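Data block below; observations after.
Readers should treat all values here as calculations from the given coordinates under stated rules, not as data from a laboratory. The model shown is predicted, which means the values in this text are computed figures rather than measured ones. Here the Cβ positions follow ideal geometry from the backbone for every residue, glycine too, while neighbour counts run over all protein chains shown.
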Amino acid sequence: MKYVELPLEDLPIYDFSISLEGVSYIVEMIYNERDRLYFMTLYTAEKERLVSGLAVVPSFPMSADYPLPDLSGYFLLRKKGVLLAEPYKEYPDRLKQYYDFLYVYN
């Protein structure tokens with residue numbers, strides 16, 4: 001398995017461009033205060049939406065159930081060490097302190 005590290009920011013809304021499996025994409029992250037979660041949208045480099053509304057939660061292979069062109073992997077919010085609480089809900093402004101955000105593929 002290979003992986004690409006994706007940036008986590010301490011902002012309620014942000015996006016970034018990234019190359020995954022040799023293709024350029026834009027990832028948008030939006031924090032929803034009511035749900036106390038970030039939600040991810042994946043776009044092509046031309047801003048064509050591929051998938052939206054993916055809840056960013058730890059240890060769950062996000063987008064694994066979606067057939068995405070040119071992508072064989074999934075997105076993963078991986079815990080840094082052992083966590084006894086749910087800091088992704090308690091401290092959404094400090095995600096990068098507790099988690100790594102990865103794209104995992106073969």
Here D for the chain, in µm²/s, from Stokes-Einstein with a Kirkwood Rh over Cα pairs at 4 °C and 1.567 mPa s, works out to 92
What number comes out for the charge environment of Leu42, summing +1 per Lys or Arg and -1 per Asp or Glu over other residues with Cβ under 12 Å away?
-2
Please state the charge dipole magnitude for region 2-105, taken about the Cα centre, from unit charges on C-beta atoms (+1 on K and R, -1 on D and E), reported in debye and rounded to the nearest 20.
320
Relative contact order for the chain: what percent, with Cα pairs under 8 Å and sequence separation of 6 or more?
30
If each of Arg78 and Val23 carries a label point 7 Å out from its Cα toward its Cβ, how far apart are those two points in nm?
2.3
Surrounding net charge for Pro12, when Lys and Arg each add one and Asp and Glu each subtract one, Cβ distance under 10 Å:
-4
For the pair Glu33 and Glu48, the simple spin-label estimate (label points 7 Å beyond Cα toward Cβ) gives in nm 3.6
Considering only DSSP beta bridges where both residues belong to the chain, give the percentage that are antiparallel (nearest 5).
95
